[in-house]
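Enquirer: Sharing a structure below in structure tokens format, with a few things to ask.
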Amino acid sequence: MFRDEDILWADYVFISAMEIQKNSVREIVRKAKDFGKKIVAGGPLFSLSPDRFEEIDHLLLQEAETNLPHFIKDLTKGEAKHLYANSEWTDLSLSPIPKWDLIDFSKYAVLSVQYCRGCPFDCEFCDVALLNGKEARTKNKIQMLEELETLYMKGWRGIVFFADDNFILKPHNLKEIFLPALAKWMEERRYPFSFLTQASINLGEDEDLMKLMVAAGFNSVFVGIETVEKKSLIECRKVMNS
């Protein structure tokens, strides 16, 4: 339940949302405005349709690694702008390790990390390529293991979701570099995590990759089927399933 106390203590209200959450966003914006709080918004809903949210004080479009530092710098000088946008994709090697100590693990069933962004496919109903680009960008092996090590040292034991829109975008990197290192890391720590992720259905054509994922601790993969009708798949440009 969303309570007034969730807003009253804050200096700024930060919102990230997708299209399906737009009604909740309107309610949060109304409450924040009623209490005189400034609002900072980013994420898919705002990046794809900023003109629908002129009442929001600060809009940070596209990726936070690129725009958030500029916003914070301007804010400290009292010069924060209404709109921050960047036409360049973020170098994921610059992504910081999340501050896991800021959350209470007991309130979570699953924690999320991210290895890559982007998707080369052009499914009509999907906004991933618009938001993250068609070229795959990945974090490096050391970066990912440090992120997982931080989670491990903070005491997390259980499910970790690789929140990639398509985990297998760079199969060579996975097979030759990351997955073998991840399997070794997991074995040395007696398998503290189990992993799940999302991938396109062509994962099923790469038996070696699937075996490496299992060895590294993956036990679930979400695959979008949408429809089994070939004509419908072609119409919505989900060609990898057709």
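The values are calculated or read from the model by the stated rules, or taken from the named source; none is laboratory data. What you see is a predicted model; the values in this text were computed from it and never measured. No Cβ is skipped: glycine too gets one built from the backbone with ideal geometry, and neighbour counts run over all protein chains shown.
Enquirer: Going through the range 184-202 one residue at a time, which ones are assigned to a helix (DSSP H, G or I) and either surrounded by fewer than 17 Cβ atoms within 10 Å (Cβ to Cβ) or touching a residue at least 60 places away in the same chain (Cβ under 8 Å) (or both)?
Expert: 184, 187, 188, 201, 202
Table: residues versus (1) exposed (fewer than 15 other Cβ atoms within 10 Å of the Cβ); (2) under 23 Å from the mean Cα position of the chain (by Cα); (3) aliphatic (A, V, I, L, M).
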{"site": "11", "(1), (2), (3)": "yes, no, no"}
{"site": "55", "(1), (2), (3)": "yes, no, no"}
{"site": "90", "(1), (2), (3)": "no, yes, no"}
{"site": "94", "(1), (2), (3)": "yes, yes, yes"}
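Enquirer: Inside the range 119-136, can you point out the residues that are in contact with a Lys or Arg (Cβ under 6 Å, 6 or more places away or on another chain) and surrounded by 17 or more Cβ atoms within 10 Å (Cβ to Cβ)?
Expert: Once the filter is applied, which keeps residues that are in contact with a Lys or Arg (Cβ under 6 Å, 6 or more places away or on another chain) and surrounded by 17 or more Cβ atoms within 10 Å (Cβ to Cβ), the range 119-136 yields 123, 132, 136.
Enquirer: Any chance you could count how many residues in the range 84-100 are of a type outside the set (A, V, I, L, M) and within 20 Å of residue 72 (Cβ to Cβ)?
Expert: Initial filter on the range 84-100 (of a type outside the set (A, V, I, L, M)): 84, 86-91, 93, 95-96, 98-100.
Going one step further and asking which of them are within 20 Å of residue 72 (Cβ to Cβ), we end up with 84, 86, 88, 90-91, 95-96, 98-99.
Here the count works out to 9.
Enquirer: Just a yes or no: is a residue in the range 217-227 surrounded by 15 or more Cβ atoms within 10 Å (Cβ to Cβ), assigned by TED's automatic domain parsing to the domain that holds residue 136, among the polar types (S, T, N, Q) and in contact with a strand residue (DSSP E or B) (Cβ under 7 Å, 6 or more places away or on another chain)?
Expert: Checked the range 217-227: no residue is surrounded by 15 or more Cβ atoms within 10 Å (Cβ to Cβ), assigned by TED's automatic domain parsing to the domain that holds residue 136, among the polar types (S, T, N, Q) and in contact with a strand residue (DSSP E or B) (Cβ under 7 Å, 6 or more places away or on another chain).
Enquirer: State yes or no: is residue 51 more than 19 Å from residue 10 (Cβ to Cβ) and among the acidic types (Asp, Glu)?
Expert: yes
Enquirer: Restricting to the range 137-154, count the residues that are part of a helix (DSSP H, G or I), surrounded by 15 or more Cβ atoms within 10 Å (Cβ to Cβ) and in contact (Cβ under 8 Å) with a residue 40 or more places away in the chain.
Expert: 8
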